[in-house]
Amino acid sequence: RASDGWGAAVRLAMLLLVAAEDPKRTLAAFSGEQPLIAGYLAEELTRSVSAEVIDVLTLTSVTDRICAPLARALVGAEALPHSLRATWGNVPLMVALSDTGWFRYHPLLLQLLRSRLREEHPEQIAGLHARASAWFESQGEWLTALDHAIESEDTALAIRVGLRSATAEFHAGGREPLAAAIDRIQASGPADQAELLVLRAMGAKCRREYQTATDLLARAALLLGDLPEPRRSIAMLNVRIIEAALARVSGDGDRLLGAGLAGASLLAG
């Protein structure tokens, strides 16, 4: 599966298997970080593109796919080759996604580049994920934005993106992935506890754990009053959305109406 249709990867895998004492284990470890694969890929990259392009590829590998606007957001326009689209077309194992301007990194190339990123630019990884989160959020790709915010290891950012954008994903129907993403957010201290409880309630509702969601909202209600604005209003809007969803499930029309009116009041304010 890791070869993703790349013939050379299949041949390299066969070379590894011939010399392997444990073929099953060797095959399981097959990746772009394996020395033979990494060496071959690095040689192909050096032969095909400049060191500057390789550095851009390394920095932009925090994402699974890339386009020129996203690359500019990640590394700045001054760092990009003049004709980025033409340059990417020359990169081994960069796959053009039809004529959209988007390119996808082959899984082996992505593993190699991310390994280089961890070795050469570890101090930039959090910032790159934060910039990717902002860009994807601006494009309405809410779940991808949340994933990058979480990868930035900035709990406050992940919570802000979750409360701003997860609501849209909640209504769009991608509820299981949303719940899984919310589960990955780790509390950093008391300051984010109230908002994180609200997000956890949203995740519970996504999993149809209605009583858990209700209990989490009750715990959050004791803490939300201490939040500064606009954080309190954003959190409360999410509370009303979850309450309305729970009321719809239980068939409680009065509670549904009350949550809807309260949410509309927050939006109007």
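The values are calculated or read from the model by the stated rules, or taken from the named source; none is laboratory data. Bear in mind that the values here come from a model prediction, so they are computed numbers and not experimental data. Don't worry about glycine lacking a Cβ; one is built from the backbone with ideal geometry, like all the others, and counts go over all protein chains shown. Side chains are part of the model used for accessible areas, which takes the heavy atoms of the whole protein and leaves out ligands, DNA and RNA. Shrake-Rupley method; radii C 1.70, N 1.55, O 1.52, S 1.80 Å.
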### Solvent-accessible surface (1.4 angstrom probe) belonging to TYR40, in square angstrom, nearest 10
80 Å²
### Query
Residue by residue through the stretch 188-197, which ³J(HN,Hα) values in whole Hz follow from phi under the Karplus form 6.51 cos²θ - 1.76 cosθ + 1.60 (θ = phi - 60°), with glycine and proline marked x?
9, x, x, 4, 9, 5, 4, 5, 5, 4
### Query
What nm distance separates the two modelled labels at ASP252 and ASP226, each placed 7 Å from Cα along Cα→Cβ?
2.6 nm
#### Entry: Solution diffusion estimate, µm²/s, Stokes-Einstein, the stretch 146-269, Kirkwood Rh from C-alpha pairs, 20 °C, viscosity 1.002 mPa s
149 µm²/s
### Summary
With every protein chain kept in place and a 1.4 Å probe, the stretch 132-242 has an accessible area per residue in Å² of 46 Å²
#### Entry: Segment HIS121-SER98, extension gain: residue separation times 0.36 nm, minus the distance between their alpha carbons
5.2 nm
### Message
Normalised by the empirical 2.2 N^0.38 Å for globular proteins, what value does the Cα Rg of the stretch 83-181 take?
### Response
1.22
#### Entry: Projected label distance in nm at ARG207 and ALA51, using a 7 Å step from Cα toward the beta-carbon
5.0 nm
### Query
Can you run phi through the Karplus equation (6.51, -1.76, 1.60; θ = phi - 60°) for the stretch 258-266 and list ³J(HN,Hα) in whole Hz, with x for Gly and Pro?
x, 5, x, 5, 5, x, 5, 5, 5
